[in-house]
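Quick note: the coordinates plus some simple rules give every number you see, no bench work behind them. Predicted, not measured: the structure shown is a model, and the values here were computed from it. Backbone-built Cβ (ideal geometry, glycine too); neighbour counts: all protein chains shown.
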Amino acid sequence: MRETKRSRVIKLGEQEIGGDNFTVIAGPCTIENYEDLKLIALRLKQMGINLFRGGAFKMRTSPHSFQGMGRKGLDVIKRVSEETGMLSVSEIVSPEDVEMMKDHVDILQVGTRNMHNYPLLRKLGKLINPIILKRGMSSTYEEWLLSAEHIRMGGNENIILCERGIRTFDYTHTRNSLDISAIPVMKQLADYPILIDPSHSGGRRELVKPLSWAAAAAGADGLLLESHFSPDDTVCDSQQTIDLEELQQIMDKLPILAELWNKKLAEKI
Ligand code: PEP
Ligand code: MN
């Protein structure tokens, strides 16, 4: 029988991801301006969340949807990170952006639509920044691990997996289906930390809390979720973005659930 392994620990400044740590990364789907991102980041910090997310380059299914602030958004992320002392997470969509993004963002995220973008993965393999590798929405575990291998072969072993829901036969009540089995399975097959994204999995606000708690109870190394002080006013993924009160409710119970796997949430910074 294959054993469920403890994941490797990825260290970034004072923060550690994997091992005995349960890491929460939260923030808006996309950055809209400096003021809002700063406000959200400070509220997250008060809750003990030390990493914030926010997209500058968006991979939208529709070309008519908002595509993100682009380069200006990167300047905003960097400024908020410097002013709050929090670590930043943002999605990289193109190999051409690697040089620019590596100095603006702490952790680079590869989205579901880019898991098979091997030229991008190869370039990320040359960096030292940790990479969050989301699972392709129709990808097998083996394909996901082979994508991680594309990064690792370049020399970058700071890889964090993220299950964000897969395509199944029913999408009437959920945007995707959260594959909770991905947690124990990937822990058997590899030693990368694995995060769960309950926002893109469920695609609805009401599902974020149960999916988050389920992830912690199943042994995930953390969560990557979408949160904003006023979800209805956001330009991207508002239907799945939770407000900060809901996020606080989720946070309140995470220590108990993470404790099932002898994991701890980070200290406040
Ligand atoms: C996101 O995290 O904002 C995102 C676009 O996620 P995914 O690639 O999982 O759809
Ligand atoms: Mn989103």
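If R0 is 22 Å, what FRET efficiency do you get for residue 140 and residue 8 from their C-beta distance, rounded to 0.05? Can you show the working numbers first?
Details: r = 22 Å, r/R0 = 1.02.
Between residue 140 and residue 8 the formula returns 0.50.
Assuming a ≥ b ≥ c are the square roots of the Cα gyration tensor eigenvalues, decide whether the stretch 15-126 counts as rounded (a/c under 1.5), prolate (otherwise, with a/b larger than b/c) or oblate. Could you put the intermediate results ahead of the total?
Details: a/c = 1.73, a/b = 1.25, b/c = 1.38.
It is oblate, given that a/c is not under 1.5 and a/b is not larger than b/c.
Can you give the percent of C-alpha pairs in the stretch 1-80 whose distance is more than 20 Å?
48
Helix-only mean residue ellipticity at 222 nm, the chain, DSSP H runs n ≥ 4 weighted -39,500 (n - 2.57), per residue, nearest 500. What is it?
Details: 9 runs with 93 residues, N = 269.
One gets -10500 deg cm²/dmol as the mean residue ellipticity at 222 nm.
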Self-check item: From phi via Karplus (6.51, -1.76, 1.60), per-residue ³J(HN,Hα) for the stretch 105-112 in Hz, x at Gly/Pro
Solution: 10, 6, 10, 9, 10, 9, x, 4
Practice problem: Quote the relative contact order of the stretch 68-133 in percent (integer), defining contacts as alpha-carbon pairs under 8 Å separated by 6+ residues. | Solution: 30
Quiz item: Expressed as a whole number of Å, what is the distance separating the alpha-carbon centroids of the stretch 64-128 and the stretch 141-212?
Solution: 19
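Report relative contact order for the chain in percent, whole number only (criteria: Cα-Cα under 8 Å, sequence separation at least 6). Write down the numbers at each step before the final one.
Working: 579 pairs, mean separation 57.2, N = 269.
The normalised contact order for the chain reaches 21 percent.
Among 174, 168, 234, 30, what is the fewest-to-most ranking by other Cβ atoms within 10 Å? Present the calculation step by step, with values, prior to reporting the outcome.
Numbers: 174 16, 168 12, 234 19, 30 27.
Listed from fewest to most nearby Cβ atoms, that is 168, 174, 234, 30.
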Quiz prompt | Percent breakdown of C-alpha pair distances by 5 Å bin, ordered from the shortest bin, for the chain | solution = 1, 6, 14, 19, 22, 19, 13, 5, 1, 0, 0
Quiz item: Given 0.36 nm per residue, what is the gain on full extension from residue 157 to residue 173 after removing their alpha carbon distance, in nm?
Solution: 2.1 nm
Exercise. Restricting to the chain, compute how many DSSP beta bridges are antiparallel as a %, nearest 5.
Key: 10
Quiz prompt | Percentage relative contact order, the stretch 120-269, counting C-alpha pairs under 8 Å, at least six apart | solution = 17
Quiz item: Under a plain spin-label model, where a point goes 7 Å from the Cα along Cα-to-Cβ, how far apart in nm are residue 65 and residue 191?
Solution: 3.8
Quiz item: What's the extension gain from residue 267 to residue 126 if we count 0.36 nm per residue and subtract their Cα-Cα distance?
Solution: 47.7 nm
Exercise. Please go through the residue pairs 126/253; 38/102; 5/72 and name each one whose alpha carbons sit more than 32 Å apart in this structure.
Key: 126/253; 5/72
Exercise. Determine ³J(HN,Hα), in whole Hz, for all residues of the stretch 5-11 in sequence, where each value follows from phi through the Karplus function 6.51 cos²θ - 1.76 cosθ + 1.60 and θ = phi - 60°; x replaces Gly and Pro.
Key: 9, 7, 7, 5, 9, 9, 9
